[in-house]
Amino acid sequence: MTRSSEGDRDPQGSLRDLEAMLDAVTDQAVIKLGAEGEVVRWSRTAQAMTGYGSDEIVGRSVATLHTAEDRDAGLVERELDAARQDGRRAFQGWRVRKGGERFLARVTLTPVREADGRVTGFVKTLQDVTESARTESLFHGLLESAPDAMVIVGDDARIVLVNRQTEALFGFQRDELVGREIEVLVPSRFRDRHVGHRTGFLHDPRLRPMGAGLELYGMRRDGTEFPVEISLSPLETAEGRLVAAAIRDVTERRETEQRLQRQRDEILELSTPVIQVWDKVLALPIIGTLDTLRATRLTEGLLEKIAQTQAEVAILDISGVPTIDTQVAQHLLKTVQAAALMGTVSIMSGVRPETAQSMVHLGIDMGRLRSRNTLQDALQLALAVLAERAGSAELAARALTGGEV
C-alpha cells in the first residue's frame, strides 16, 4: 500500500484534528463564526466558559453572549464590520453566561478571507479575565488610596506605574514618568550612588525600610529637593518581578524634630545656668538626672563662661543630682581638668554620702578636686582661694620689682 498524497487526505479527519486542537486550548474559548456572526464551530472550552452546549448555540448569532444593552446598541455588528475592514481586532468587554451571570472577557476577532479577499467567517477567542481584572482593580484602588507616593519599577529600573500621590509630591504627570528611569526623581548629586543602590536591591530584593540615619532626598519636577523616607519591597507579578517604592516627604517632621531639639537645648541651658556669683567666681548648680549628653553640654557651657569671664574659681554644685554613674563622673573629671588648663580651680559641693559611696564603689578618682558639703562652704572656700591667689600674686609682684617681702 502506498502512502496517501496530501490531496488524498480525509477532510473529516483533518476537521477532527482541528477540533481536537481547539479543545486542547483550556485558557481561551475558540469559536468559529460565519460571515454574519453566526456560530459555526463551538469548542469544549467555550461550553465550559459560557454554559452553552454545542447544540444550544451553533447556528445562533454570537450576540447571544452579549449583554442586552450591547445588543440594543448594535455592538456586535460594529465589531464584525471593524474586523472586516481592519483585520484582527482585540478588545475587552462584558459577556453573559447561559445562567445570566456576567463575566469580563478579553476578545480577539480575526476575519477568515478567501483568495479574492472576501470575508467568509471569523475566528473569535474569549478569555475570562474577571478575576484578574478584579484583582487589578483592587490593586489600583489600594495604590491610589495609599497615603504615600507609590512608584512601581521594573527590573530595568524604569517606572511602570505611579499613583496620584506621586504626581502631587513630585509635580510630574503620570505619562511624564512611566517609562523613565527611577533616577528622574533623584537629585543629580545622588544619582551615580543611587544607580549602585538600586542595582544591589534588584539582585537581592527584600523588604527594606530606608531613611533612618541615611541622607535621602527626592527631587520635584521644578528641581527643588526635599528629604524623604523610602520603603522598598519586591512585587511578584505575571510580568515578572517588580519593585514597589513607598516614598514619604519628611520635611515637616525634620523641621519639627529640629525645632524640638532647639527647644530642648534652650530648656537645658535655662535649667542649668552658669551663674557669676562674684568677680572671678562662677557657680554651676546641677539639678535632676545627669546623663552623658547633658554632662557634655554642661562642660561646654561652663568652659565657654570661664573663657568669657576669666574666672579663677568654678563651683559645681551637685546637691540636686540623685545618682552619678561612671561615665558622668568621668565627664565631670574632664571638666575639672579642662578648667585647670584654663587656670581655674574647681570646687564640687553638695556631695551626698550615698553619692560619695557610689563614686568610691565605682573606683572613680576625682584627683585633686576640692569638695565641700554645702554650697555655702564652697563659696567660703572660693573666697579663700581668691585671697590666696591674690596674696601669691602680690608676693610675686614685689619679688619682680625688688621690693621687700
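Within region 148-186, the only residue that satisfies the criterion of being assigned to a strand (DSSP E or B) and surrounded by fewer than 16 Cβ atoms within 10 Å (Cβ to Cβ) is Arg158.
Identify all residues within region 343-375 that are at negative phi, in contact with a Leu (Cβ under 7 Å, 6 or more places away or on another chain) and modelled with pLDDT of 75 or more; write none if there are none.
Going residue by residue through region 343-375, those that are at negative phi are 344-349, 351-362, 364-366, 368-375.
Filter once more, keeping what is in contact with a Leu (Cβ under 7 Å, 6 or more places away or on another chain): 346-349, 366, 370, 372.
Hits for region 343-375 are Ser346, Ile347, Met348, Ser349, Arg370, Arg372.
Just so you know, in region 199-216 the residues that are touching a strand residue (DSSP E or B) at 6+ places or on another chain (Cβ under 8 Å) and open to solvent by less than 60 Å² (accessible area, probe 1.4 Å) include one that is modelled with the lowest pLDDT, and it is Gly211. A count restricted to region 43-61 and to residues that are open to solvent by less than 50 Å² (accessible area, probe 1.4 Å) and either within 20 Å of Val129 (Cα to Cα) or assigned to a helix (DSSP H, G or I) (or both) stands at 8.
Filtering region 166-176 to residues that are touching a Leu at 6+ places or on another chain (Cβ under 9 Å) and without any contact (Cβ under 8 Å) to a residue 24 or more places away in the chain leaves Glu167, Arg174. Taking the criterion of being within 14 Å of Phe170 (Cβ to Cβ) and open to solvent by 30 Å² or more (accessible area, probe 1.4 Å), the residues of region 217-249 that qualify are Tyr217, Met219, Arg220, Arg221, Asp222, Gly223, Thr224, Glu225, Ile230, Arg248, Asp249. Screening the candidates Ile275, Ile287 for the property of being at pLDDT below 75 and among the hydrophobic types (A, V, I, L, M, F, W, C) yields one hit, Ile287. Count of region 297-353 residues, restricted to those that are open to solvent by 40 Å² or more (accessible area, probe 1.4 Å), in a helix (DSSP H, G or I) and more than 21 Å from Trp278 (Cβ to Cβ), is 10. Only residues that are surrounded by 16 or more Cβ atoms within 10 Å (Cβ to Cβ) and outside any helix (DSSP H, G or I) were counted in region 68-93, giving 1.
Of Lys98, Lys124, which residue is charged (D, E, K, R), within 18 Å of Glu36 (Cβ to Cβ) and not in a helix (DSSP H, G or I)? Walk me through how you get there before you give the answer.
On the way: Lys98 fails: within 18 Å of Glu36 (Cβ to Cβ).
Sole residue among the options that is charged (D, E, K, R), within 18 Å of Glu36 (Cβ to Cβ) and not in a helix (DSSP H, G or I): Lys124.
Residues of region 72-101 that are out of contact with any helix residue (DSSP H, G or I) (no Cβ under 8 Å at 6 or more places or on another chain), farther than 20 Å from Val123 by Cα and of a type in the set (D, E, K, R): Asp72, Glu101. Given the criteria modelled with pLDDT under 75 and either closer than 30 Å to Val228 by Cβ or in a helix (DSSP H, G or I) (or both), does Arg264 qualify? Yes. If you check Ala133, Ala115 for being small (Gly, Ala, Ser) and part of a loop (DSSP other than H, G, I, E, B), only one passes: Ala115. Contact map, region 121-134: residues that are more than 12 Å from Val62 (Cβ to Cβ) paired with residues that are charged (D, E, K, R), Cβ distance under 8 Å, separation 6+ or inter-chain. Pairs shown: Gln127/Asp27; Gln127/Arg106; Val129/Arg106.
The values are calculated or read from the model by the stated rules, or taken from the named source; none is laboratory data. What you see is a predicted model; the values in this text were computed from it and never measured. Neighbour counts are summed over all protein chains in view; Cβ atoms, including those assigned to glycine, are modelled from backbone coordinates with ideal geometry. SASA here: full protein model, heavy atoms, side chains in, ligands and nucleic acids out. Shrake-Rupley method; radii C 1.70, N 1.55, O 1.52, S 1.80 Å.
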